[in-house]
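Heads up, the thing below is written out as structure tokens.
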Amino acid sequence: MATLKELRDERLRKLKALNDLGINPYPAHVQRSHKLLEITEQFDGLQGQSVNVVGRIINIRKFGKISFIVIKDGSSQLQLFLSKEKLLAPDHKDSQIGYDEIHLLDMGDFINAKGNVIKTQTGEISVEVDQLRLLTKSLRPMPTSWDGFSNKEERLRRRYIDLNINKDVHDRFIRRSQFWQATRQYLIDKGYLEINIPVLEHTTGGADATPFVTHMDSLDQDFYLRISHELPLKRLVAGGYEKVFDIGPRFRNENYSEEHLPEHVAMEWYWAYADWRDGIGFMTDMYRDVIQKTFSKLQFELNGFKVDLTQDWNEIDYAGLIKDNYGIDVYNCNIDEVKHTLEEHKLEVQQTDNLARGIDKLWKNVRKGINGPSWLVNIPLYISPLAKINPDNPLSVQRFQAIIAGSELGNGFSELNDPIDQLNRFKEQQHLRDAGDKEAMMLDIDYVEMLEYGMPPACGWGYSERVFWHFEGVSSREGVPFPQLRTEVDSVTRAIYPDIFRQSKNTD
């Protein structure tokens with residue numbers, strides 16, 4: 001079997017032959033009248049008419065004076081029928097290919113074909129080509145099947161190959177796009193205004209996470225990549241926008257997991273003059289709308305759970321759940337008691353763990369068995385530094401989280417707008433940071449100053465693309481087109497470009 005380098009060398013030979021003929025193998029101009037799917041769907045109206053189609057070659061068969069080429073575009077695939085008799089003499093200056101030059105084409109090349117829509121003797125809808133143009137000459141062969149490209153690391157590094165040979169992966173990112181389109185449209189239809197906010201922040205907040213740090217030369221100051229959209233959006237609420245949202249990337253300097261990526265897309269909305277109970281009703285309807293528009297169904301089997309979003313969501317009491325499973329009163333316990341319970345259940349214990357972090361680990365262990373759809377409520381005050389206190393139980397807050405098939409799929413609360421209370425909670429968070437908890441929130445004095453000018457009562461909510469990954473049934477890295485990976489160049493590429501990598505090594 002020929003090596004990749006040998007196959008590439010053969011294509012380079014064909015590239016030279018094309019150049020020698022005066023053919024530009026990478027022209028800019030393209031003539032296209034129809035997508036391939038339109039040819040098959042509108043065959044009755046197009047039969048006998050001349051069309052211009054484009055696509056990547058996925059199969060070539062030549063039998064003397066006739067040939068068949070199968071191409072695909074973003075919509076479908078279609079057969080091209082070529083005969084030496086019908087194919088016109090080529091104009092090489094227009095990148096046209098003659099019949100005797102078809103051998104210079106390879107699978108993976110992009111072509112432009114003009115001809116009449118027909119049905120072949122076998123009944124297959126085709127285009128009988130009278131003019132053939134080369135659009136792109138590929139120098140590396142595309143793997144011919146999933147079996148030839150099954151290594152996960154390789155697939156993630158060369159996702160553009162994965163998308164070409166695995167239709168489900170290709171379609172996955174269409175669904176991902178539909179998920180965010182549905183999210184955006186639902187909010188717009190409900191009167192929300194989309195306002196993009198900065199990614200670089202002086203002080204980052206709104207979540208428990210370690211930020212990435214960068215430096216802005218023009219100000220000679222360090223900035224953080226945002227870990228949340230929350231605090232800038234609430235500044236907009238204070239500025240007079242009653243319904244506002246943003247969709248975009250956020251960055252959390254944490255390890256990869258099945259549910260988390262250091263960079264991912266998220267959405268947050270904020271609604272003035274609403275509280276957490278308003279938010280629960282709003283999000284119950286929003287989940288149904290977005291998931292239906294993305295997946296065309298509301299019943300799923302996820303990780304062994306049967307989930308039905310048409311049913312009513314039940315409420316789960318956070319404190320009661322911890323009490324029933326571990327015998328711990330979350331409102332009256334200490335870190336030593338929590339660490340002992342973590343050890344008993346063989347859960348991770350770290351020296352820097354505080355009460356909030358320890359209780360959260362116990363909750364996440366229980367969460368894995370919850371079917372849902374459910375709303376988690378009565379969450380302790382000490383793990384919710386931005387939420388309003390629940391007047392029915394001052395040790396808890398007006399916070400709600402979506403729990404579906406063992407996973408948290410969103411978080412919201414009645415927003416704390418008391419500047420003195422918020423400052424005191426920020427101080428507590430800063431104390432945790434100083435004690436070694438790098439995920440505790442930073443003290444944002446500008447945000448406190450904003451609250452002193454006044455922010456109306458409001459409800460806020462956020463979810464990330466983890467919602468999509470969960471219902472899609474894939475891990476975090478499979479759920480994005482290009483996950484971050486450690487830089488690596490394979491041996492074939494190093495051998496093909498020795499001068500570049502020799503220079504790089506010397507530079508290093």
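Some points to look at:
- Helical content alone sets the calculated 222 nm signal of the chain at -10000 deg cm²/dmol, taking -39,500 (n - 2.57) per DSSP H segment of four or more residues and averaging over every residue.
- Cross-link reach list, aspartates and glutamates versus residue 297, counting only Cα pairs under 13 Å and skipping chain neighbours closer than eight places: 289, 308, 472
- Per residue convex hull volume, Cα atoms of the stretch 208-275, in Å³: 119 Å³
- Exposed loop sites here mean GluC sites (Glu not before Pro) with a DSSP loop assignment and at most 11 other beta-carbon atoms within 10 Å; the chain contains its longest site-free run at 86-347.
- Calculated from backbone phi, Karplus (6.51, -1.76, 1.60) coupling profile of the stretch 257-263 in Hz, x at Gly/Pro: 8, 5, 10, 9, 10, x, 10
- Sparsely packed trypsin sites (Lys or Arg not before Pro) within the stretch 391-473, loop by DSSP, other Cβ within 10 Å at most 16: 438
- Chymotrypsin sites (Phe, Trp or Tyr not before Pro) within the stretch 245-325: DSSP coil, no more than 14 neighbouring Cβ in 10 Å: 256, 273
- Pairs from the list 306/346; 190/243; 152/364; 35/93 with a Cα-Cα gap above 18 Å: 306/346; 152/364; 35/93.
- Proximal charge balance of residue 223 [Cβ under 12 Å; K/R count +1, D/E count -1]: -3
- In a DSSP loop and with at most 11 other Cβ atoms within 10 Å, there are no chymotrypsin sites (Phe, Trp or Tyr not before Pro) in the stretch 84-183.
None of the figures in this text is laboratory data; all of them are computed from the coordinates on show. The structure displayed is predicted, hence computed values, not measured ones. Ideal geometry is used to build each Cβ from the backbone, glycine not excepted, and the neighbour counts take in all protein chains shown.
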